[in-house]
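A short write-up of the structure that comes next.
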Amino acid sequence: MLRTSAAVGQPASVPAAIVPSPAALPDVAVAAVRSRVLRARPDEKIAMSFAPLTHRVMILVEVELADGAVGVGETWANYPSWAWRERIATIREGVAPLLVGRRFTDTAEAHRTLLRRLRPLGRQWGAPGPIHQAVSGVDLALWDLAARHAGVSLTRLLADHPEPPTEVPVYGSSLGPTGVVETAERCAALGLTAVKVKVGFGAETDLANVRAARRVLGDGAQVFADANQAWSLDEALEVTPALADLGVAWLEEPLAGDRPEQLAELTRRTGMPLATGENLYGAAAFTPYLRDDAVRIVQPDLSKVGGITEFLAVRTAATATGHTVNPHLYNGAVATAATICAAAASRATRLVEWDIRSNPLRAAADALLTDRGTVRVPDQPGLGIDLDPDQLDRYEEQLP
């Protein structure tokens, strides 16, 4: 199941890691690929620097084999508000015909099959993101199947070291641009000692919100900031020193366009550690960000990057260059469980993101959050969580 490999060009200071081999799948044909769309209005307003989030969205992807075994995945579709309609069409008309009726030796073979046929279409369409997001949902489902077939947790299947932890630290995200004091107080009550404040709403608002989070959580807390690509380089150069003076430990997606050479310049001129990666598709897209100290932290999203298969390739490359891999997470229960498993499986990950705002579509994973700033790692075969149909059915969109 596991093999040990030192990455090509790995610095001597970075220890060789256990690299998971492609996970074996049962020798049974795929019988069906199904999707469900769940959408729920949040209890509070959720603002980003580019657009509000009007609905929580979880698109579940089920892959069923001819013997009745089922794996479950999740694909990202938060933006735009109509993205779920495109995703259903892509999975039904693009993904499912490539899988149904076929046997696959392992997860890698299925992943190659999908990208070989769909990536050129995404290129012509100008939509590599939606293609990788759709593939991500199926890939997560196949890894869930593989782990269940092996009788082990997904963490064990992905582990790059022999003793994965039973809990991993989390940071609270989605503080701001309003109600920061109340949200920070909620984080403190949950035992969180690290939070991420949304910025990109004007320097006065941004700095006031960082100060508020610090005032509530104290000097011992870690405070991060996320601009969602709100600024030009000149704007970032102006505000970043003030964020540093307030003790911001790292800054996420500061620059519109997310160009690695500009990120490297921002790092060079301010010394601020930077993070990015939630909007990169495929492991190869991360390569320029791992050069020239463009960023310190890479943030692949398992439901966007191309699934666990691409995530593992990012993790291997980032480990070889000494980068931290803190995966992006802003999803429902399935992607949450998968991300926690992937985080626990690697020493390259320091923190897991935990969206602090209400999300009824994450309910099946909410019990994993402890009161001591950590989440418990699922230890049952596969993703290790059970979805409650009665709780989710009220949020389901009726598809034609």
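Numbers below:
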item	result
P(r) weight above 36 Å for the chain, C-alpha pairs, percent	19 percent
Share of carbon and sulfur in the accessible heavy-atom surface of the chain [1.4 Å probe, %]	50 percent
Theoretical gain in end-to-end length, K45 to E397 [0.36 nm per residue, Cα-Cα removed]	124.6 nm
Globularity ratio of the stretch 183-247, using Cα Rg and 2.2 N^0.38 Å	1.11
For F224, residues with placed amide H under 5 Å, excluding near neighbours	V195, K196, V197, A249
Environment charge of T54, counting only residues whose C-beta is closer than 15 Å and scoring Lys/Arg +1, Asp/Glu -1	+3
Separation of the A66 and D106 label points, Cα + 7 Å toward Cβ, nm	2.3 nm
Helix runs (DSSP H) in the chain reaching 27 Å along axis by Cα, Kyte-Doolittle at least 1.6	none
For the stretch 87-201: rounded, prolate or oblate by the Cα gyration tensor [a/c cutoff 1.5]	oblate
Rounded, prolate or oblate (a/c below 1.5 giving rounded, otherwise prolate when a/b exceeds b/c) for the stretch 189-341 by Cα gyration tensor	oblate
Whole-number accessible area per residue in Å² for the stretch 103-195, which is evaluated in the context of all protein chains at 1.4 Å	39 Å²
Nearest-0.05 FRET efficiency for D219 and R116, computed from C-beta distance (R0 56 Å)	0.60
FRET efficiency, 1/(1 + (r/R0)^6) with R0 41 Å, evaluated for E238 and R123 via beta carbons	0.65
Sequence ranges 144-151, 318-325, 231-238, 72-79, ranked by mean other-Cβ count within 10 angstrom, highest first	72-79, 144-151, 318-325, 231-238
R350 paired with L246, simple spin-label distance in nm, labels 7 Å along Cα-to-beta-carbon	2.0 nm
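The values are calculated or read from the model by the stated rules, or taken from the named source; none is laboratory data. Here the structure is a predicted model, which means the values were calculated and not measured. No Cβ is skipped: glycine too gets one built from the backbone with ideal geometry, and neighbour counts run over all protein chains shown. Accessible surface areas use protein heavy atoms only, side chains included; no ligands, DNA or RNA. Shrake-Rupley method; radii C 1.70, N 1.55, O 1.52, S 1.80 Å.
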